[in-house]
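Scroll down for the structure; my scribbles are underneath it.
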Amino acid sequence: MRLNKEERRIYLLRHGSIEKPDCERRYIGQLDLPLSADGVHEACLLEAAFRGKTISAMFCSDLIRSIATAKIICRKLTGNIFIRPDLKEIGMGEWEGKTFKEVAQTYPDEYAKRGSRIADYRIPGAESFAECGARVSAAFKEITAMTQGDILIVGHAGVNRLLLTQLLGMPLENMFRLGQDYACVNILAGENGNYRVMLLNGKGVG
C-alpha cells in the first residue's frame, strides 16, 4: 500500500514468451524475435490484470516482443505507448543467436573471461552489462522525470535486472539472483526520483 498520496507506481514488466528455433539455451540479446502463442496469452492475462488501472503512459523497447506485449496490454487503457530504443535488451554481439554450448566451444577464452568478469566484460561487437546498465538507468531517470502518475514499462530480463540491482543497492555481479520470468511484474513505488521495490518477479499487479 502507498504511504502517502504523493507516491506513484512504476510497473516494470518483462515481455511475454518468445518464438525460439528450438529448445536450446541461446544468447538472444537484441535478436528481434516475436511473441510465441504462449507469449500472446501471457500478454492477454496482463491486459486483464491492468484493466481498470489508471496508467498515464506506457513505454517499451523497439524490439517486436516488447512492442507486441505493450500493445496487447494497452488495448483497454487510455495512455499512449512510447517506443524507446534505449530500453532494448543488452546487445550480445557475435554471440547473438548462438547456443551456450556453441559459444563455450567456439570462444572458450572469451566465455571464461565473461564468466569471471560478468559486469564489465564486453563480448566482441556487444556492450557490457555495466554499459547497458548505464543506458537503462539514464532512460529510466528521463522517463520518470518527464511523466506524472503511474506508468508502465515493458522491458527485458537483462534490462530489468540491471535496473532492479541499482534500486536494491545490489552489486551488479549478483543480478542473476533476481528472477525475471516471462510476463512478470515488478512494482516500484516512490516520489521525487526515489523508488523502492514493492514487488519482484510477480504475476499480479496488486
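The values are calculated or read from the model by the stated rules, or taken from the named source; none is laboratory data. Bear in mind that the values here come from a model prediction, so they are computed numbers and not experimental data. Reconstructed Cβ throughout: ideal geometry from the backbone, glycine too, with neighbour counts over all protein chains shown. Side chains included, ligands, DNA and RNA excluded: accessible areas come from the protein's heavy atoms. Shrake-Rupley method; radii C 1.70, N 1.55, O 1.52, S 1.80 Å.
Below are the figures for this structure:
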read-out: Pair Ala112, Ala145: separation of 7 Å Cα→Cβ label points (nm); value: 4.4 nm
read-out: J(HN,Hα) series, the stretch 153-168, from Karplus relation 6.51 cos²θ - 1.76 cosθ + 1.60, nearest Hz, glycine and proline x; value: 10, 9, x, 9, 4, x, 4, 5, 4, 4, 5, 5, 4, 5, 5, 8
read-out: Rh by Kirkwood over Cα pairs, then Stokes-Einstein D for the stretch 88-206 at 1.002 mPa s and 20 °C, µm²/s; value: 137 µm²/s
read-out: The chain - accessible surface per residue (Å², probe 1.4 Å); value: 49 Å²
read-out: Net length gained if the chain between Ala104 and Val205 were fully extended (0.36 nm per residue, minus Cα distance); value: 32.5 nm
read-out: Rounded to 10°, Cα long-axis angle of helix 64-73 versus longest principal axis of the chain; value: 20 degrees
read-out: Relative packing of 43-53, 58-68, 16-26, 86-96, which averages over residues the other C-beta atoms within 10 Å, highest first; value: 58-68, 86-96, 43-53, 16-26
read-out: Computed E for Leu45/Arg75 - FRET, C-beta separation, R0 22 angstrom, nearest 0.05; value: 0.95
read-out: Cα-based helix-to-principal-axis angle, 129-146 vs the chain, degrees rounded to 10; value: 20 degrees
read-out: Environment charge at Leu168 (Cβ cut-off 15 Å; Lys +1, Arg +1, Asp -1, Glu -1); value: +2
read-out: Options (i) 1.16; (ii) 0.97; (iii) 0.94 - which one matches Rg/Rh (Cα atoms, Kirkwood Rh) as calculated here; value: (ii)
